[in-house]
Amino acid sequence: MGRLEELRINAYLSKVARGYTNSAFIAENLFPVIDSDLEKVDIFEFNKEAFQVYDTERSIRANSNVISPKGFNKKTTTLTEHDLAYPLDYREEQESQVVKLQLHATNVVTQGLKLKHEKQCADLVQNVDNYETGSKIVLSGTDLFSDPDSDPEGVIDNAKSAIAGKIAQEPNTMVMGYDAYKNLKIHPKLRTLISTSTTRIITLDLLKQIFDIDNIFVGKSVFVNEAGDFVRVWGNNIVLSYVPPLTSRTQYDPAFAYTVRKKDALKIDEYTKEGNKVKYIRATDIYSPFLVGPDAGYLIKNS
């Protein structure tokens, strides 16, 4: 295979990686991606300027109404490179169609990078230490949503009110672990809110109506821990947040969290070693997830 053809294949595989999706991964719904041209980036923390009510009326010949800027809390940081490679022996390539085997390798390494990102984001938002008082609750005893006498609707309403009280916006996104969803979809108090008696399980669409939240996502991804056991990335928790409903976002848009990624950083290439008998398909990405507006989020722990 000529060098030009290899470059074409690598470009094609890079497009495959960028278009890769896995329904188990939900982090980007909470940490939407914004692109950066540079690896050194400025992260702006959320402030209330965007939601303040200003005096905008002006009389003839009067001076303009000038905003008194509150300024940004800014920190400068450097994005992190992530890479993962999959080995292909020359004999394996001889026994299969080259592109198909490389597609398999591309999906494996892309899945690995995506799982790493998913866990990074989940760890950030499920850590109670990342929330101030009034933006979190740790349930216990009969307050746990696994208890039929608990009040999930009331807890969710309180969480929504807490966010609205701090940023003047209702949360529009909820993410939860699969165990939390299992408790909610059969909760007797929520089922009484459904108009039809034939519905036994509360679907995500029904939860959107009950909680009046536009977007609800359930995290189903798993990873293998050091003991070799499968563990869910998203625990028995719920996170509510405000995510800007924009098609093109920047770091200036108020939000709970972002993933800042270097533009076009996700690439697939190949390299060889060990006497050129083993070729490696490598995925590279450069990004970092950030909590930029903790006031725009709320954690319900051990739900």
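The values are calculated or read from the model by the stated rules, or taken from the named source; none is laboratory data. Since this is a predicted model, take the numbers as computed values, not measurements. Note: ideal-geometry Cβ built from the backbone for every residue, glycine included; neighbour counts use all protein chains shown.
Before moving on, here are some points about what is shown:
- Within segment 108-157, restricting attention to residues that are polar (S, T, N, Q), more than 22 Å from the chain's Cα centre (by Cα) and surrounded by 15 or more Cβ atoms within 10 Å (Cβ to Cβ), the residue that is nearest to Ala283 (Cα to Cα) is Ser146.
- For the criterion of being at pLDDT 80 or above, surrounded by 12 or more Cβ atoms within 10 Å (Cβ to Cβ), assigned to a helix (DSSP H, G or I) and not acidic (Asp, Glu), Leu103 passes.
- Cβ pairs under 8 Å, 6+ apart, first in segment 41-59 and at pLDDT below 80 and surrounded by 13 or more Cβ atoms within 10 Å (Cβ to Cβ), second in a strand (DSSP E or B) and basic (Lys, Arg): Phe44/Lys74; Glu45/Lys74; Glu45/Lys75
- Pick from segment 265-303, criterion at pLDDT 90 or above and β-branched (Val, Ile, Thr), ranking: surrounded by the fewest Cβ atoms within 10 Å (Cβ to Cβ): Thr284
- Screening segment 245-264 for residues that are buried (at least 17 other Cβ atoms within 10 Å of the Cβ) and modelled with pLDDT of 85 or more and picking the one that is farthest from Val109 (Cα to Cα) gives Phe256.
- Members of segment 74-100 that are at pLDDT 75 or above and part of a loop (DSSP other than H, G, I, E, B): Leu79
- Residue pairs whose Cβ atoms lie under 7 Å apart, sitting 6 or more positions apart in sequence or on different chains, and linking a residue in segment 138-150 that is among the acidic types (Asp, Glu) to a partner that is part of a loop (DSSP other than H, G, I, E, B), are Asp143/Ser150.
- Checked across segment 110-127, the condition of being farther than 23 Å from Ile216 by Cβ and without any contact (Cβ under 8 Å) to a residue 12 or more places away in the chain holds for no residue.
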